[in-house]
1. Based on other C-beta atoms within 10 Å, arrange B:LEU239, B:LEU140 from fewest to most.
2. Taking a quarter of the surface of the Cα convex hull of the range B:1-134, what do you get in nm²?
3. Going by a ≥ b ≥ c, the root eigenvalues of the Cα gyration tensor, does the range A:1-50 fall in the rounded group (a/c under 1.5), the prolate group (a/b larger than b/c) or the oblate group?
4. Is the shape of chain A rounded, prolate or oblate, going by the alpha carbon gyration tensor and its root eigenvalues a ≥ b ≥ c, with a/c under 1.5 for rounded and a/b larger than b/c for prolate?
5. Among A:GLN83, A:GLN47, A:GLN99, which one shows the highest mean-square fluctuation when chain A is modelled as a Gaussian network with alpha-carbon springs under 10 Å?
6. Using a Gaussian network model of chain B with C-alpha springs under 10 Å, which one of B:VAL60, B:VAL254, B:VAL162 is most mobile by mean-square fluctuation?
7. Please provide three numbers in whole Å: the alpha-carbon extents of the range B:178-249 along the principal axes, with the largest listed first.
8. Would you please classify the overall shape of the protein assembly as shown from the alpha carbon gyration tensor, given that a ≥ b ≥ c denote the square roots of the eigenvalues, rounded means a/c under 1.5, and beyond that prolate means a/b larger than b/c while oblate covers the rest?
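Values in this text are rule-based calculations from the coordinates and carry no lab data. Since the structure is predicted, the reported quantities are computational estimates derived from the model, not experimental observations. Cβ coordinates were reconstructed from backbone atoms using ideal geometry, including for glycine residues, and neighbour counts include every protein chain displayed.
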Amino acid sequence: MGEKKIRVMVAKPGLDGHDRGARVLSRCFRDAGFEVIYTGCHQTPEQIASAAIQEDVDVVGLSCLSGAHRYLFPAVAKLLKEQGAGDITVVGGGIIPEQDFKLLYDAGLKAIFVPGATLDGIVDWFKTNIKPRD
Amino acid sequence: MERVKKIKSGDVRTASRLIRNLEDGMDEARAMMKHIFPLTGHSHVIGITGSPGAGKSTLVDGLVESFRKKDKTVGVLAVDPTSPFTGGAILGDRIRMQRHAEDPGVFVRSLATRGALGGLAKAVGDAIHIMDVMGKDIVLVETVGTGQQEVDIINHSHTVIVVLIPGMGDEIQAIKAGILEIADIFVINKADREGSSKLRREIMAMLDMAPASAFPAGWRPPILKCDNAFEPVGFTKSLEEMSQTIENHYQHLVKHDLLGSRVHRKAAMELNEAIRCSVLDPVLSALAANGELERMVEQLMKKDTDPYTLAEEIARRYLKTAP
Ligand code: B12
Ligand SMILES: Nc1nc2c(ncn2[C@@H]2O[C@H](COP(=O)(O)OP(=O)(O)O)[C@@H](O)[C@H]2O)c(=O)[nH]1
Ligand SMILES: [Mg+2]
């Protein structure tokens, strides 16, 4: 019997090119012992959902600093549900005003991280809330 | 078996989960493979190896495109290294292939090595079987690309492509160290760079020195140059040539009855692995669990006995046929 590893996808939906955060997070998740699939910038919600299913990840982490999260984040969550993968956790981060949190939580996101969130705090959240499937 | 049926019908979710359960070493997944194995034998498995940054993932992406144009369905298994310090991994091959993410005829799955040596992940062999049973016409396997020992790929592929780039002095060293023997096709990538003709001559010279027996039924590995990936017209043409050469190689294997020897090689290796898993692993974990293994190591440190005597003792205990 081997070890059950957490698989994470870090994705950047839309036209936003701020990828520093996504790269920093990918590195930090690797250092936390996760397997990280990084798909790069300029992804459509459809590409992200489909890749998440092909890779069988436990969680999709969306990063968006351009302001388009209101549309893009819910779109990914919806597509996953439609494709029978509603059990994949979706979280998001970036420049997200507090007044948008409710909309995103209602759309199914489980957590939102904004600038100032510490990497340790983020990893802790993942380790507590993401269980590799049984 | 509901899940086998699903995999046969091409269900990505079920397939990817089974691959994951195999990666995690779950017994239940191994049991599933008993039902998958008999159904295999459809796919043409193509291995792609070469040093990190040689452009393997970019080539795989291009090959996917060119096979899709021929209406073939494609599976991709892309292996990246696990960090030996943290056990984590960044699987980045997929970045280059994302344009196919929405094509239902393409299934890309990334795997981490998880400590396996030889450039692949332990679950790769089974993952190939699963994609095969899903009905993929082509399965492309991209290795880690650490170079020298990376020869496991031949155990899994019908066709092995070795990707080389000009201007790296140690490339030829790598060839000498065994990559030459495994190549069915050489690709000189980034041929837009200086030194590609020299590299070509070097590979030629090396092939000239090889005995005729190195070329099964006369297949001398062709050396293809691949145009700059950032010049779409030339790149597409190079890939057409490459996929045609791959097809020719497969036909050569079929025509000269060589497919069997590749399949034989894989079967022998899989049996080896499976025996290790069923026989050796349980013995080792039993010895570890009751502390005996540790006690034996202590004995060895004091030179009370030697590893050979201990191993023979264990064999006598566990194997009916041991001397
Ligand atoms: C660096 C930077 C750039 C760099 C980007 C380099 C790169 N490759 O990433 C450059 C100079 C290229 C750039 C360009 C632009 N930028 Co700029 N940029 C910034 C800046 C200063 C810092 C961003 C950064 O890298 N932070 C460091 C990383 C580590 O933090 P982070 O990404 O926020 O991630 C943290 C959290 O948000 C969270 N997180 C984020 N994503 C995720 C995902 C998951 C899964 C999780 C768990 C957590 C998480 O965790 C991280 C750790 O705390 C911000 C201002 C700011 N203070 O945020 C502006 C900012 C983002 N940029 C902005 C703008 C407007 C632009 C431009 C449009 C400017 C222009 N007019 O040309 C362009 C657009 C570029 C493009 N193609 O999209 C605005 C966005 C405004 C908005 N959304 O309303 C900002 C907010 C500046 C401002 N105050 O106006 N930018
Ligand atoms: N100059 C040049 N660069 C290339 C070519 N093909 C790929 N690259 C670049 O080489 C780098 C590594 O490519 P990648 O496909 O990830 O290589 P891998 O590590 O072997 O899988 C990337 O930055 C590519 O953009 C090419 O034909 N010419
Ligand atoms: Mg690669």
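1. On the way: B:LEU239 23, B:LEU140 30.
Taking fewest neighbouring Cβ atoms as first place, the list is B:LEU239, B:LEU140.
2. Values: hull surface 33.4 nm².
The Cα convex hull of the range B:1-134, projected and averaged over all directions, gives 8.4 nm².
3. Details: a/c = 5.08, a/b = 1.63, b/c = 3.11.
Since a/c reaches 1.5 but b/c is at least a/b, the shape of the range A:1-50 is classed as oblate.
4. Since a/c stays below 1.5, the shape of chain A is classed as rounded.
5. A:GLN99
6. B:VAL254
7. Result, largest extent first: 38, 28, 16 Å.
8. Working: a/c = 1.68, a/b = 1.14, b/c = 1.48.
Because a/c hits 1.5 or more and a/b fails to exceed b/c, the protein assembly as shown counts as oblate.
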